[in-house]
Amino acid sequence: MEPNSSPNKNKTIQELADVIIRFAGDSGDGMQLTGSQFTTTSAYIGNDVSTLPDFPAEIRAPAGSLAGVSSFQLNFSRRNIRTPGDQPHVLVAMNPAALLVHQKDVLKGGTIIVNKDAFNERNFQRAGITQDPLTQESIKDFKVIQIPISTLNMNGLKDIDLSSKDKDRCKNFFALGLLYWMYSRPLELTVDWIEKKFKKNPLIVESNIKALKAGFYYGETTEEIPTHFRVKKADLPPGIYRNITGNEALACGLTAAKELANDNLIYCSYPITPASDVLHELSKLKNFGVKTIQCEDEIAAMGAAIGVAFGGGIGVTGTSGPGLCLKSEAIGLAIMTELPVVILNVQRGGPSTGLPTKTEQADLLQAIYGRNGESPLVVLSCSGPADCFYMAIEAVRIAITHMTPVILLSDGYIANSSEPWLLPDIASLSKINISHPQGPLNGTFMPYERNAETLARPWALPGTAGYEHRIGGLEKAHRTGNVSYDSMNHEFMIKMRAEKVAKVADYIPDAKVFGEEKGDVLIVGWGGTHGAILTAVEKLQQEGHAVSSLHLNYLNPFPKNLGTILNNFNKVIVAELNLGQLALLLRAKYLIDAIGINKVQGQPFKVQDILDGVAQYLSKKKKVANV
């Protein structure tokens, strides 16, 4: 699909392989909307895309302040890409604060487009500066295009009967239209979106579309931008794709799991950033029989999910940050009752309320150990937005098959970023088998009699004649499920529950190494670090280094072949967005001298972070060899 306007014949078109753009402005400037529209359009015309939305926690941060800057970065390419990119080629800065916050990240020689109208004394004061940043020496490293976006936008909307404030809100569409022209994007998709989104207010529809087209035609006619660019379709596997975020994929995956299990799914949750979108998305899927409950708090949500599971449904709850702490006692109850509950944890910066909108991977040890007593459960993680779909199904499958709670870890980066998702062949997804005991009994029902292979107890439904039983937090007697305070039975049951979780390793796939299976360095990651690690390893391999990578979706228990893999490398480096939690687990379990690449800045890894970490190890190794 080509732009709906003939390009200016006096301007040249340049082919590019990939481009990284960052839109930045005030929280109220619509930067998330602008970035998401550019992403959707780029995905629609066949580019591979990867995004990084980044916004403050405050809904109404002080206007023009550094803390109130919101940004959206996207990488679009004709190649297969796995990250939103390290350094933007283009920064669109809607005010001085946006420029001050993001200029340092822009590639030297890159382009910075600023809304010249916003660079005034009032906004300088709001940003805490006394001089115009456009006059500073550092800005000379970039090609700066100063455009009076606010003025041009207002001129384009002068005939529309809207307030000046409402007209000014359309300036993000002017910027979007300009970037659409610069990178040869069509307008139709966004026009269609505007017409549907604002259909109840025709003046808003008219003004946004006019602003979009004004920006587009400004690019075509202005002498300041002599070249525009084209990024051809990516060579992706054939099929039907949709652009999807991690939270959207979790909702789709849970719904698919419900269909595969032919059971009811009830999602019980208390709103919390960045997990709330899972609740929003699932609430739209009533036509698939999905039910959602917005509970009064985290504890109630966890309790309700246990109740769903006790009643024979798929009980799922979701949370972020401190929400997992609040659920911890009830998670212990789910472990004691051995009911199949899935707990989503979309991690964010902590401790306490921490950094609500920023990403982190610091809940791993809490997920595995964060309860009283010996309380093992299964812990999984998603490696990217599309992977959330498959891991949500896997979480439900393991929970039901092994009658255990499962914590599925995502994070803020995966939750809000997006990528093209190849829709799966439904027939390729395995059914999830559910068995509830019923019918005549040969003797008395034993609610804690176990499957010989999985050690799972039977999932008897309350109200089934002959299968009456009770559950609760007090220790259960082996087989009978009666309350037992016998010390030897307690130890037996603790070991039994631990063995049951350990046996899950017999039902999960082996870990797979990217690259040679033996060598000098193995970089191990989990969660949203996947794209940065894989991209870095590809670059290192091209440079001739004996470096491989391994990404773990199964964190408790680990895949059975993990120890063998780790021992095949001279050095194991664990890259994670915490201070070394997975590295600690690997050291303890496999007695390897793992070292870490760690970051807790609320941002995902850049590829360069991984490259720098490996270079540091290789440099030390070289020095030792030279001694």
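The values are calculated or read from the model by the stated rules, or taken from the named source; none is laboratory data. Here the structure is a predicted model, which is why all the values come from computation and not from measurement. Counting neighbours? That spans all protein chains shown, and the Cβs are built from the backbone with ideal geometry, glycine included. Calculation scope for accessible area: heavy atoms of the full protein, side chains included, ligands and nucleic acids excluded. Shrake-Rupley method; radii C 1.70, N 1.55, O 1.52, S 1.80 Å.
For the range 344-453, which strands (runs of 3 or more DSSP E) that fit wholly inside it have 1 or more residues that are under 22 Å from LYS476 (Cβ atoms)?
Numbers: elements: 378-381, 406-411, 418-422.
In the range 344-453, 378-381, 406-411 are the strands (runs of 3 or more DSSP E) which contain 1 or more residues that are under 22 Å from LYS476 (Cβ atoms).
For the condition small (Gly, Ala, Ser), in contact (Cβ under 8 Å) with a residue 40 or more places away in the chain and surrounded by 17 or more Cβ atoms within 10 Å (Cβ to Cβ), what is the one hit in GLY473, GLY412, GLY481?
When all the criteria are applied, what remains is GLY412.
Which fully enclosed helices (runs of 4 or more DSSP H) of the range 141-236 have 3 or more residues being among the small types (Gly, Ala, Ser) and either modelled with pLDDT of 95 or more or on the phi > 0 side of the Ramachandran plot (or both)?
Working: elements: 149-156, 164-168, 171-182, 188-197, 202-221.
Here the list reads 202-221.
From the list ALA24, ALA61, which one is crowded, with 18+ Cβ neighbours inside 10 Å, touching a helix residue (DSSP H, G or I) at 6+ places or on another chain (Cβ under 6 Å) and under 18 Å from PRO274 (Cβ atoms)?
Unique residue meeting the criteria: ALA61.
Testing PHE198 on (1) without any contact (Cβ under 8 Å) to a residue 60 or more places away in the chain; (2) under 30 Å from GLN347 (Cα atoms); (3) open to solvent by 30 Å² or more (accessible area, probe 1.4 Å), one condition comes back false. Which one is that?
PHE198 satisfies every listed condition except (2).
Has the range 428-443 got any residue that is open to solvent by 40 Å² or more (accessible area, probe 1.4 Å), of a type in the set (A, V, I, L, M) and out of contact with any helix residue (DSSP H, G or I) (no Cβ under 6 Å at 6 or more places or on another chain)?
Yes.
Taking VAL101 and the conditions (1) in a helix (DSSP H, G or I); (2) in contact with a Pro (Cβ under 7 Å, 6 or more places away or on another chain), which numbered condition does it fall short on, given that it satisfies the others?
That leaves (2) as the condition not met.
Could you list, in sequence order, all residues of the range 274-311 that are in a loop (DSSP other than H, G, I, E, B), in contact with a Pro (Cβ under 9 Å, 6 or more places away or on another chain) and crowded, with 18+ Cβ neighbours inside 10 Å?
PRO274
Could you list, in sequence order, the residues of the range 133-165 that are charged (D, E, K, R) and touching a helix residue (DSSP H, G or I) at 6+ places or on another chain (Cβ under 7 Å)?
Of the residues in the range 133-165, the ones charged (D, E, K, R) are 137, 140-141, 143, 158-159, 161, 165.
Hit for the range 133-165 is ASP161, nothing else.
In this structure, is GLY46 surrounded by fewer than 24 Cβ atoms within 10 Å (Cβ to Cβ), touching a Lys or Arg at 6+ places or on another chain (Cβ under 6 Å) and in contact (Cβ under 8 Å) with a residue 24 or more places away in the chain? Break it down stepwise before answering.
Values: surrounded by fewer than 24 Cβ atoms within 10 Å (Cβ to Cβ): yes; touching a Lys or Arg at 6+ places or on another chain (Cβ under 6 Å): yes; in contact (Cβ under 8 Å) with a residue 24 or more places away in the chain: yes.
When the stated conditions are applied, GLY46 passes them.
Which of the residues belonging to the range 540-576 are open to solvent by 10 Å² or more (accessible area, probe 1.4 Å), part of a helix (DSSP H, G or I) and either of a type in the set (Ser, Thr, Tyr) or closer than 19 Å to SER383 by Cβ (or both)?
Once the filter is applied, which keeps residues that are open to solvent by 10 Å² or more (accessible area, probe 1.4 Å), part of a helix (DSSP H, G or I) and either of a type in the set (Ser, Thr, Tyr) or closer than 19 Å to SER383 by Cβ (or both), the range 540-576 yields THR564, ILE565.
Specify which of the listed residues (ILE523, ILE494) is within 28 Å of LEU408 (Cα to Cα), touching a residue at least 60 places away in the same chain (Cβ under 8 Å) and surrounded by 16 or more Cβ atoms within 10 Å (Cβ to Cβ).
Answer to the selection: ILE523.
Going by the conditions given, is GLN131 open to solvent by 60 Å² or more (accessible area, probe 1.4 Å), at negative phi and not in a loop (DSSP other than H, G, I, E, B)?
Answer is no for this residue.
Only one of these is in contact with a helix residue (DSSP H, G or I) (Cβ under 6 Å, 6 or more places away or on another chain) and either at positive phi or among the β-branched types (Val, Ile, Thr) (or both): VAL308, VAL342. Name it. Can you show your working first?
Numbers: VAL308 fails: in contact with a helix residue (DSSP H, G or I) (Cβ under 6 Å, 6 or more places away or on another chain).
Exactly one of VAL308, VAL342 is in contact with a helix residue (DSSP H, G or I) (Cβ under 6 Å, 6 or more places away or on another chain) and either at positive phi or among the β-branched types (Val, Ile, Thr) (or both), namely VAL342.
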